[in-house]
Structure formats: structure tokens, C-alpha cells
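Working notes, structure below.
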């Protein structure tokens, strides 16, 4: 993946659960993390007392953290509605020249901020709530 414009990274949500995604924000900064827990199966017969892990076991999770500005008043309202209802929705994170990360997420935190001489910004944290897929672009 070569250098690319950060402004092309998009966050989309299926707010109604109908399978139709709407862009809610152009993110100014973003972090996507994939995690896989390990299961330690080390025992007295482990070679050289080195730790052994069980392949394919453990808990997988993904988190998305981003900050930016809302696309419009409707997208702001959508995010607030999903957060205050505690809903789990399908989300897409589109990373140009890389791929689309899609799956069910819950908004874990939502923060608003702003300066007296600037626009209102938001910080958002999403936590995975099921299987996540990746489609290369």
C-alpha cells in the first residue's frame, strides 16, 4: 500500500439494519486494530520449557477509533441515535487502495469537542460484536 490521501478514508454505517450503508464521516485520524488472544498449552513436556500456543484458539476482536467531522446534520443524528440506543450495527471502514473492513460493531465511546474558532469535532470508538470481514480493493 503506497502513500495515499487520508481524507479518502470513510466510515459508513447501516443505521436502519436494511443493508444500505450511509457515509457518516470523513475521518481526520483513524486507527483499526485487530486482536487475537492466545491459549497457552505449555506443559511439563514442552520442548526446552518454551511456551506452546494452541493454533486457531482464543478470542478475536477488532476496534476502530477515529476522529473527524460529521458529513452533515443527518449523519450526526444517526451516530447519536445508534449510541444512545446501544445498538449493534453493521459498519464499513473504507481504506483507499487497501480494502473494506465490514462487520457488526457497537459504539463504545462518543466524544464531542471544539474550539472557539473552529468546527465541532468528534471522537468515536467502535468495538466488534461478531465476525469481521475484509475485502481487498
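The values are calculated or read from the model by the stated rules, or taken from the named source; none is laboratory data. On a predicted model such as this, the values are computed, not experimentally measured, just so you know. Note: ideal-geometry Cβ built from the backbone for every residue, glycine included; neighbour counts use all protein chains shown.
Points to keep in mind about this one:
- Scanning region 1-39 for residues that are modelled with pLDDT of 90 or more, touching a strand residue (DSSP E or B) at 6+ places or on another chain (Cβ under 6 Å), more than 22 Å from residue 86 (Cβ to Cβ) and assigned to a loop (DSSP other than H, G, I, E, B) returns a single hit, 38.
- Residues of region 87-112 that are in contact with a helix residue (DSSP H, G or I) (Cβ under 7 Å, 6 or more places away or on another chain) and either without any contact (Cβ under 8 Å) to a residue 60 or more places away in the chain or buried (at least 16 other Cβ atoms within 10 Å of the Cβ) (or both): 89, 107, 110.
- Residue selected from region 37-53 under the condition closer than 24 Å to residue 103 by Cβ and surrounded by 12 or more Cβ atoms within 10 Å (Cβ to Cβ), by the criterion farthest from the chain's Cα centre (by Cα): 39
- Screening residue 42 with (1) more than 18 Å from residue 135 (Cβ to Cβ); (2) at pLDDT 90 or above; (3) touching a strand residue (DSSP E or B) at 6+ places or on another chain (Cβ under 8 Å) gives one miss only, at (3).
- In region 54-78, the residues that are exposed (fewer than 12 other Cβ atoms within 10 Å of the Cβ) and either modelled with pLDDT of 90 or more or touching a strand residue (DSSP E or B) at 6+ places or on another chain (Cβ under 6 Å) (or both): 54, 55, 59, 60
- Among residues of region 113-137 that are at pLDDT below 90, those with a beta-carbon under 9 Å from a residue that is in a loop (DSSP other than H, G, I, E, B) at least six positions away or on a different chain give the pairs 121/115; 137/96; 137/97; 137/98.
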